[in-house]
1. Out of the residues in the range 167-193 that are acidic (Asp, Glu) and at pLDDT below 95, which is nearest to VAL259 (Cα to Cα)?
2. Determine if the range 313-323 includes at least one residue that is hydroxyl-bearing (Ser, Thr, Tyr), within 22 Å of the chain's Cα centre (by Cα), crowded, with 16+ Cβ neighbours inside 10 Å and closer than 25 Å to LYS200 by Cα.
3. Is it true that some residue in the range 70-82 is charged (D, E, K, R), within 23 Å of the chain's Cα centre (by Cα) and either under 28 Å from ASP269 (Cα atoms) or assigned to a loop (DSSP other than H, G, I, E, B) (or both)?
4. Return the total of residues in the range 37-80 being surrounded by 12 or more Cβ atoms within 10 Å (Cβ to Cβ), over 22 Å from LYS12 (Cα atoms) and either basic (Lys, Arg) or in contact with a helix residue (DSSP H, G or I) (Cβ under 6 Å, 6 or more places away or on another chain) (or both).
5. For the range 12-56, what are the residues that are modelled with pLDDT under 90 and not in a loop (DSSP other than H, G, I, E, B)?
6. How many residues are more than 18 Å from PRO90 (Cβ to Cβ), out of contact with any Ser or Thr (no Cβ under 8 Å at 6 or more places or on another chain) and surrounded by fewer than 15 Cβ atoms within 10 Å (Cβ to Cβ) if we restrict to the range 147-173?
7. If you take the residues in the range 231-265 that are assigned to a loop (DSSP other than H, G, I, E, B) and of a type in the set (A, V, I, L, M), which one is surrounded by the most Cβ atoms within 10 Å (Cβ to Cβ)?
8. Let me confirm something: among GLU105, GLU94, GLU122, which residue is closer than 30 Å to ASP188 by Cβ and touching a helix residue (DSSP H, G or I) at 6+ places or on another chain (Cβ under 8 Å)?
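The values are calculated or read from the model by the stated rules, or taken from the named source; none is laboratory data. The structure presented is a predicted model; accordingly, all values stated were derived computationally and were not measured. Every residue, glycine as well, gets a Cβ built from its backbone with ideal geometry; the counts of neighbours run over all protein chains shown.
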Amino acid sequence: MDLGLPGPDAGKGGKHLLLPPGDTGQPPVGYYAATATTNRVLVLLRAIPPRGDNEAANALMQTAKVYPLNPRADWKTPTWLRLKKGDFTPLQWESNLKYWQVLHEIIDLEPAYDAYRPYYGELAALGIIKGQPFEPDARLRSILERAASDANAQMRVQAFADRRSDRAAWPDRYWEWATLRPENGTFDAPTHLDLTAREKWFFQAQVESPAMFRRSAGAGSLYWLGTRDETGAYLDGGKSYRLRVPQPVPGKLFWSVTVYDTETRSEIDSGQGHAALRSLFELKSAPPGTDIDLRFGPTEPAIAKEQWIKTIPGRGWFVYFRIYGPEEPAFNGSWKPTDFVEVK
């Protein structure tokens, strides 16, 4: 379900009720309700820092209240924690036998999802069955390890070397839509489930909501994917690039360019200390009305140092260009950034 600006309350502070799997009762009046398909539920909220004030954003975030509809007598209000840097990627297990072990754990813990019955049948043939131990013999272990490795490579190609024509944001640029299905959060096309689009997105990222990628003015956010320079070559951590962003950017809230490592699909960790250039922070002192040149590369540029992200030689990278509160020019092609240009 969507919360906030793209949600049913349009950011006005509504009450949202998350019901458990299989719930068939009528939700109480006054709530926007959604029924989960899993026992464990992830809720993500973003607070936009007022005038670039991070502490004000943290305070704003904590005005969101989370509580049971019918709390027990021993219910305690959740504590807010500040997460430190950590590895939240599946990198350690996504291309080996551990992938299948994690999948078995999830199937054991979560209720069966009827739409996935054919997939459960395929997994049963591999010995992955809810309520039963997963104990592959040496032959099956070898097959599963190869399958995990090959599938990981296949999804990497789908994510970064896609040939679908509908990926292109504009015919004269190498920018792509970050997701290939803007209609909903379930990747449903009119006649089929778009498996390629689903695989591409979830190899790069982790979550999606129904209106997250709506391609119309009034959407909560807009995401473009950048993987190549103006010649069509992949972005190289050992080279330097310039990206020109025309001003003003058609967004009511703010915009940003975030650099990710292609191996981890997480924000690049080059030792610089940040991986994004944002209109509310690093770019807020840029002269108004003039185009902004963003810099990317392994060495600090002689000019516009505050508009530079450090990359890592020998590693590929990609970006998401985000606009929050996007306006019509971002969708009709009358506004667009340049491609990445290599700077010698």
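1. Narrowing the range 167-193 to residues acidic (Asp, Glu): 172, 176, 183, 188.
Remaining after also requiring at pLDDT below 95: 183, 188.
Details: GLU183: 26, ASP188: 29 Å.
Going through the qualifying residues, I end up with GLU183.
2. We begin by selecting, within the range 313-323, every residue hydroxyl-bearing (Ser, Thr, Tyr); these are 320.
Remaining after also requiring within 22 Å of the chain's Cα centre (by Cα): 320.
If we keep only those that are crowded, with 16+ Cβ neighbours inside 10 Å as well, we get 320.
With closer than 25 Å to LYS200 by Cα added as a condition, the list becomes 320.
Yes.
3. Just the residues of the range 70-82 that are charged (D, E, K, R), to begin with: 72, 74, 76, 82.
Subsequent filtering for residues that are within 23 Å of the chain's Cα centre (by Cα) retains 82.
From the residues that got through so far, the ones that are either under 28 Å from ASP269 (Cα atoms) or assigned to a loop (DSSP other than H, G, I, E, B) (or both) too are 82.
Checking the range 70-82: at least one residue is charged (D, E, K, R), within 23 Å of the chain's Cα centre (by Cα) and either under 28 Å from ASP269 (Cα atoms) or assigned to a loop (DSSP other than H, G, I, E, B) (or both).
4. Number satisfying all stated conditions: 0.
5. The answer is PRO50, ARG51, GLY52, ASN54.
6. 8
7. So the first thing to find is which residues in the range 231-265 are assigned to a loop (DSSP other than H, G, I, E, B), and the list is 231-233, 235, 237-240, 246-250, 262-265.
Applying the additional criterion that residues be of a type in the set (A, V, I, L, M) yields 233, 235, 249.
Details: ALA233: 13, LEU235: 22, VAL249: 20.
Filtering the range 231-265 for residues that are assigned to a loop (DSSP other than H, G, I, E, B) and of a type in the set (A, V, I, L, M), the one surrounded by the most Cβ atoms within 10 Å (Cβ to Cβ) comes out as LEU235.
8. Numbers: GLU105 fails: touching a helix residue (DSSP H, G or I) at 6+ places or on another chain (Cβ under 8 Å); GLU122 fails: touching a helix residue (DSSP H, G or I) at 6+ places or on another chain (Cβ under 8 Å).
None of the others qualify; the one that does is GLU94.
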